[in-house]
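Below is one structure, written out as structure tokens; comments come after it.
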Amino acid sequence: MDGSDLRKIAERLYERSLELEALKFGDFTLASGQKSSFYFDGRILTTDPEGADLISKAFQSAIDDSGAEAFGGPTVAAVPTVGALALRARLEGRSTTGFFVRPEVKGHGAGKQIEGNLKPGMKVAAFDDAVSTGGSLLSAIDAIEAFGCEVVLVMTILDRHQGGGDEINRRGIPFFRLLESTPEGKITVAV
């Protein structure tokens, strides 16, 4: 997929976010405690059929370019996109596989933190619907690496530019984002 196709997908995702009210403007407090002039609820977008299709197309293109063998991220945000990417992989004849990372090791059953088809030694694309300080995504990356995998790509729908992306860059991991915000709260296409 070329850059103009990715740009069209990102532009349509922005429009769809507004249509679904997944993107709202006003005065909000984020999970990190920081104040924001907008709120982005990626789960509204990732559980929408059109949104899921657009996100999985764009993310699959980045996964293809990275050589990742598996894709996943933190619960709850990554779960719908893992499903969409797994279905896309099947329909397009790809061998990539999905997983998700729990915040901590499960206290029952098999006692796993990572659920899915991840195997040690795999190259992985990790993602979250939005990145602000990156807390849950960075914790998921740490768990993936502790499991014995290499994170070769990090992806997000929206980079809020509140420190998470800086930490991903500091770790030397390529960072793919479809949308990004300015400090003033303006949302722009990043691809």
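What follows is calculated from the coordinates using simple rules that are stated; it is not laboratory data. Owing to the predicted nature of the structure, the values given are computational and were not obtained by experimental measurement. Heads up, the Cβs are rebuilt from the backbone with ideal geometry, glycines too, and the neighbour counts pull from every protein chain shown.
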Over 5 Å intervals from 0, what percent of Cα-Cα pairs in segment 1-108 sits in each interval?
2, 11, 18, 19, 20, 15, 9, 4, 1, 0
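What percent do you get for the relative contact order of segment 50-184 when only Cα pairs under 8 Å and 6+ apart count?
Relative CO of segment 50-184 lands at 22 percent.
I'd like to know how the chain sits against the 2.2 N^0.38 Å rule of thumb: what's its Cα Rg over that expected value?
0.97
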Note: segment 96-160, point scatterers on Cα, Debye, no solvent; log10 I/I(0) at q = 0.14, 0.22, 0.26, 0.28 Å⁻¹ equals -0.40, -0.94, -1.21, -1.32
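Please report the antiparallel percentage of DSSP beta bridges with both residues in the chain, rounded to the nearest 5.
Approximately 35 percent, going by the DSSP bridge assignments.
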Within 10 Å of each candidate Cβ there may be at most 16 other Cβ atoms; applying that plus a DSSP loop requirement, which trypsin sites (Lys or Arg not before Pro) in segment 139-191 survive?
Arg171, Lys186
Selection from Phe59, Leu20, Ala70 lying farthest towards where the dipole of segment 1-72 points positive, charges on Cβ:
Leu20
